[in-house]
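Colleague: First the structure, then my questions, so here it is.
The values are calculated or read from the model by the stated rules, or taken from the named source; none is laboratory data. Because the structure is a prediction, the values reported are computed rather than measured. All Cβ positions, even for glycine, are placed from backbone atoms using ideal geometry, and neighbour counts span all protein chains on display. Each accessible area value is taken on the protein alone, full model and side chains, heavy atoms only, with ligands, DNA and RNA left out. Shrake-Rupley method; radii C 1.70, N 1.55, O 1.52, S 1.80 Å.
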Amino acid sequence: MMVCEIMVSAGLGSAYGPRVGVRLTSAIGLVLDTFHIFARKTDLKPIGAIPRDRIFLVQLADAPLLEMDSLSWSRHFRNFPGQGELPLLDFMETLQATGFDGLLSLEIFNDQFRAGSAARTATDGLRSLILLQDQLATKGSPELLEPKAQSRGVGFLEFAVNEAKAGDLARLFGQIGFRKTGQHRSKAVERWSQGKVELVINCEPDGFAHSHYITHGPGVCAIALDVDNASHTMARAEALKARTFYQPVGPGELEIPAIHGVGGSLLYFLDVAGKNWDTDFEAVTSDAAADRLRAVDHISQSMPYDEMLSWLLFYTGILDLQRLPQMEIADPLGLVQSQAIINIDQSLRLVLNGSVATRTLSARFISEFFGSGVQHIAFSCNDIFAAVAEMRARGAGFLKIPDNYYDDIEAKYDLDAKTMAALRDNQILYDREGDGEFFQIYTHIFDERFFFEIVERRNYPGFGAANAAIRLAAQSRESRPVTMPKA
């Protein structure tokens, strides 16, 4: 955009009457728009040579890398810095070299934002600028944010239920190999353990977990993440405008730093100093059994489609998580967008799912669960066939997979007859990427709210996306209407 000043003057003594002239003044400047710069593949180097006083305004927008016409791409898919894939940091470093210290404008056109909350969109915009400013901080300048702490996986998962459902959930935990290892010293809260997995059943009649149960029904009300510095992670989250959570703690109880996460659930931060089960729990001795499950492999959270970019920025801004390419999963009743984010050693994997269609399993979870939340938790193991055999012996039931799925697997992969028989007999799904193999099996959905997955990875980085449509179809056949809990 250019601005010029037109000067009209009466020229005395001119044979041609008044003179009309154009004077270029300091009112002439440029607007730099990152979307159009990158859409046109403009070289950034000449931008660094622009005098800083000639740059009047900078319009920032990120976007996913899509193969489509620029107009549609521009009008529907622009998003905030950090939510897309454009190299905005390269642009900002070039801009910074000019000495520019003027206005930055967020010029965003996005269907997800149009359908979502204005307050959430405003928070995303501010969060994106704080993160961008932090990335641009020069050496020797005061740190804007605490550095990202290293995440080390899931510390525990807390389930909010009532007393009746607590018994059903404890029975399911026992069937898949968990042992009750602790009872809270003063509350109706139990600890269940297996390998590195810690689960908590909370049926306390008041407090946050109870309010979560009343609002959402049985489900995960809190996720605790292991980090190397909980206080630094909390400070970073607060600086990025995350909503903090505090509640009274009893004498001798641990106070664990927490923020509000997806669907109003809690996200706790645990480090070595804050991870002491003996403080809050009396140890309970259970029958010894082999720990077939090793760790939490991944957690899937379902949310409205218009919230996915917000939670992507939330997680990747606060934690040391990187996103994988977004995938489109076919549900029998519509398409589901699936976005995985992982840390560097893959000890923490989160999957964000959203759907525009209203009757997909993901969308029904939101409407029937009264909001976003954890729909699916996967546990890893070293020998899925041995693990499933022991689980079945304890009474566990698993999702029934159509028999023709195994005919397709047999035709697609060169598996020996013994392996094919074991897959078919145990209702285990299979996928292969390069030399990597993936085995997975699903429990029935608990109270039509959430379900568990058991996986075995053999040099396999993905999530079994090739099997997602089969799983969703099988679950659709099992689903039934849902009723909300009573207080």
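Colleague: Return yes when ASN353 is crowded, with 22+ Cβ neighbours inside 10 Å, modelled with pLDDT of 95 or more and of a type in the set (S, T, N, Q) and no when it is not. Outline the logic, then answer.
Modeller: Details: crowded, with 22+ Cβ neighbours inside 10 Å: yes; modelled with pLDDT of 95 or more: yes; of a type in the set (S, T, N, Q): yes.
Spelling it out, ASN353 is indeed crowded, with 22+ Cβ neighbours inside 10 Å, modelled with pLDDT of 95 or more and of a type in the set (S, T, N, Q).
Colleague: May I pose another question? Can you tell me which residues in segment 242-252 are open to solvent by 30 Å² or more (accessible area, probe 1.4 Å) and either farther than 25 Å from LEU309 by Cα or under 17 Å from the mean Cα position of the chain (by Cα) (or both)?
Modeller: Once the filter is applied, which keeps residues that are open to solvent by 30 Å² or more (accessible area, probe 1.4 Å) and either farther than 25 Å from LEU309 by Cα or under 17 Å from the mean Cα position of the chain (by Cα) (or both), segment 242-252 yields ARG243, TYR246, GLN247, PRO248, VAL249, PRO251, GLY252.
Colleague: Can you tell me which of (1) open to solvent by 30 Å² or more (accessible area, probe 1.4 Å); (2) over 21 Å from LEU44 (Cα atoms); (3) not small (Gly, Ala, Ser) is the one PHE113 doesn't meet?
Modeller: Evaluating PHE113 over (1) open to solvent by 30 Å² or more (accessible area, probe 1.4 Å); (2) over 21 Å from LEU44 (Cα atoms); (3) not small (Gly, Ala, Ser) leaves (1) as the failure.
Colleague: Yes or no: ASP408 in contact with a Pro (Cβ under 7 Å, 6 or more places away or on another chain) and more than 26 Å from ARG294 (Cβ to Cβ)?
Modeller: Against the criterion (in contact with a Pro (Cβ under 7 Å, 6 or more places away or on another chain) and more than 26 Å from ARG294 (Cβ to Cβ)), ASP408 does not qualify.
Colleague: Identify, by number, the condition in (1) touching a Ser or Thr at 6+ places or on another chain (Cβ under 9 Å); (2) open to solvent by 20 Å² or more (accessible area, probe 1.4 Å) that SER372 doesn't meet.
Modeller: SER372 satisfies all of (1) touching a Ser or Thr at 6+ places or on another chain (Cβ under 9 Å); (2) open to solvent by 20 Å² or more (accessible area, probe 1.4 Å) except (2).
Colleague: Mind checking which pairs have a first residue in segment 217-238 that is part of a loop (DSSP other than H, G, I, E, B) and crowded, with 22+ Cβ neighbours inside 10 Å and a second that is at pLDDT 95 or above and of a type in the set (Asp, Glu), Cβ under 9 Å, 6 or more apart or different chains?
Modeller: Partner pairs satisfying both residue conditions: PRO218/ASP168.
Colleague: Turning to a different aspect of this structure: Would you point out which residue out of ALA122, ALA149 is within 21 Å of the chain's Cα centre (by Cα) and in a loop (DSSP other than H, G, I, E, B)? Spell out how you get there, then give the answer.
Modeller: Details: ALA122 fails: in a loop (DSSP other than H, G, I, E, B).
Going through ALA122, ALA149 in turn, the sole match is ALA149.
Colleague: Of all the residues that make up segment 8-63, how many are open to solvent by 80 Å² or more (accessible area, probe 1.4 Å) and either at pLDDT below 80 or part of a loop (DSSP other than H, G, I, E, B) (or both)?
Modeller: Final tally of qualifying residues: 16.
Colleague: From the list LEU293, LEU333, LEU319, LEU348, which residue is surrounded by 15 or more Cβ atoms within 10 Å (Cβ to Cβ) and over 25 Å from ARG449 (Cβ atoms)?
Modeller: LEU319
Colleague: Next question. Counting just the residues of segment 253-270 that are farther than 14 Å from LEU319 by Cα and assigned to a loop (DSSP other than H, G, I, E, B), which one comes out least open to solvent (accessible area, probe 1.4 Å)?
Modeller: Going through segment 253-270, the residues farther than 14 Å from LEU319 by Cα turn out to be 253-257, 260, 262-266.
So of that shortlist, the ones also assigned to a loop (DSSP other than H, G, I, E, B) come out as 253-257, 265.
Working: GLU253: 36, LEU254: 51, GLU255: 125, ILE256: 41, PRO257: 44, SER265: 13 Å².
Looking at residues that are farther than 14 Å from LEU319 by Cα and assigned to a loop (DSSP other than H, G, I, E, B), I get SER265.
Colleague: All but one of (1) open to solvent by 80 Å² or more (accessible area, probe 1.4 Å); (2) part of a loop (DSSP other than H, G, I, E, B); (3) touching a His at 6+ places or on another chain (Cβ under 9 Å) hold for GLU282; which doesn't?
Modeller: (2)
Colleague: Go through (1) of a type outside the set (Lys, Arg); (2) farther than 29 Å from ARG424 by Cα; (3) out of contact with any strand residue (DSSP E or B) (no Cβ under 9 Å at 6 or more places or on another chain); (4) not in a helix (DSSP H, G or I) one by one and return the number of the condition SER367 breaks.
Modeller: (4)
Colleague: Follow-up. Counting only residues that are assigned to a helix (DSSP H, G or I) and more than 20 Å from ASN343 (Cβ to Cβ), which one in segment 298-308 is most open to solvent (accessible area, probe 1.4 Å)?
Modeller: If we take residues in segment 298-308 being assigned to a helix (DSSP H, G or I) and more than 20 Å from ASN343 (Cβ to Cβ), then TYR305 is most open to solvent (accessible area, probe 1.4 Å).
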